[in-house]
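> Next up is a structure, given as C-alpha cells.
Each reported figure results from applying straightforward, stated rules to the coordinates on display, with no laboratory input. Please read these numbers as outputs of a predicted model, since none were measured by experiment. Because the Cβ atoms are built from the backbone with ideal geometry, glycine has one as well, and the counts that use them run over all protein chains shown.
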Amino acid sequence: MMLENKAKSRRQKLLLMGSSAFKDRKLPIEVKKRIDQAIQSGMTIIVGEALGTNRLYQDYLKSKGYRDVIVGHAVRLRYNAGKWKDVQYGKNLKERERKMIEDCNSAIVIWMNRSGVIAENLEFLKRLGKPTYLYECSSETGEVRAGELDPNRIYNSFHYMKEYYRKQRSIDRRR
C-alpha cells in the first residue's frame, strides 16, 4: 500500500488551462497532439471547469475515454463532462489558478487576446520553471503563435508589481 502511494505521488501531472474567450468549436490540432502524448504516457491531467477552453479540453478528454483526470474548481463545480474526480483548489479564481499551477509538472495553455488572467498565470508558470506549451491567438488579427513558453518574454508587465504588493500585504497582515 505504501509503495502504491509513493508511485502515485510521483506521477506526472499536466495542467490544461486557457482563456474563456476562446470560442472555437474544436481544440487546435497542435494542442490535441500534445494532449494525446500526455494520455499515451499516462499522465494525470488537471483541467478547470469554466467556459471556453476548459470545456473543450474536458469534451476532448471525454471523447478519448481518458479517466485519469482531475477537474479543479473554486467555490462550486460547474462542469464535469466525464464525471471525473474533482478537487477544490481554492476559494476564488486566483487561488484556484495558483494552486492548480503549483500542483502540475507541466502545462498546455491557450491564450486568447492576451487575457490578463492567463498572462498572470503564464508569468507564474515561468517563474516556477514549469515546461509550458503556449498556443497564443488573437480574434482581432487571426494571428496564431504556438510553442514553448519563452523564459525571456514578459507576458504581463504588471505581474511583478502585483507580486510585490501581494507580498507586502501578507507581511502587513502578520504584524
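> What order, most packed first, do the peptides 87-95, 27-35, 137-145 have when packing is the mean number of other Cβ atoms within 10 Å of each residue?
Working: 87-95: 14.2, 27-35: 16.4, 137-145: 11.0.
Order by mean packing, descending: 27-35, 87-95, 137-145.
> For the chain, give the share of DSSP beta bridges that are antiparallel, in percent and rounded to the nearest 5; count only bridges with both residues there. Provide the component values of the computation, followed by the final result.
On the way: 5 of 27 bridges.
Bridges in the chain are about 20 percent antiparallel.
> Among Ile39, Ile108, which comes first, then next, by fewest other beta-carbon atoms within 10 Å?
Final ranking by Cβ density, sparse to dense: Ile39, Ile108.
> Given a Förster distance of 35 Å, report the FRET efficiency between Ser63 and Tyr165 from their Cβ-Cβ distance, rounded to the nearest 0.05.
Values: r = 43 Å, r/R0 = 1.22.
Efficiency, from the Cβ-Cβ distance: 0.25.
> Percent relative contact order of the chain, based on C-alpha pairs within less than 8 angstrom and at least six residues apart?
Details: 271 pairs, mean separation 33.5, N = 175.
Normalised by residue count, the contact order of the chain is 19 percent.
> Using alpha carbons only, how many angstrom separate the centre of the stretch 81-108 from the centre of the stretch 110-132?
Going from one Cα centre to the other spans 14 Å.
> Mind putting a number on the dipole of the chain about its Cα centre? Charges go on the C-beta only, +1 for Lys and Arg and -1 for Asp and Glu, and I need it in Debye to the nearest 20.
Numbers: 37 positive and 21 negative charges, 147 e Å.
Dipole magnitude for the chain comes out near 700 debye.
> When ranked by the protection proxy of mean other Cβ atoms within 10 Å per residue, highest first, what sequence do the peptides 120-126, 43-49 form?
Put in order of decreasing packing, that is 43-49, 120-126.
> Under 18 Å from the Cα of Lys83, which aspartates and glutamates turn up, not counting those fewer than eight places away in the same chain?
Result set, ordered by chain and number: Glu49, Asp59, Asp68.
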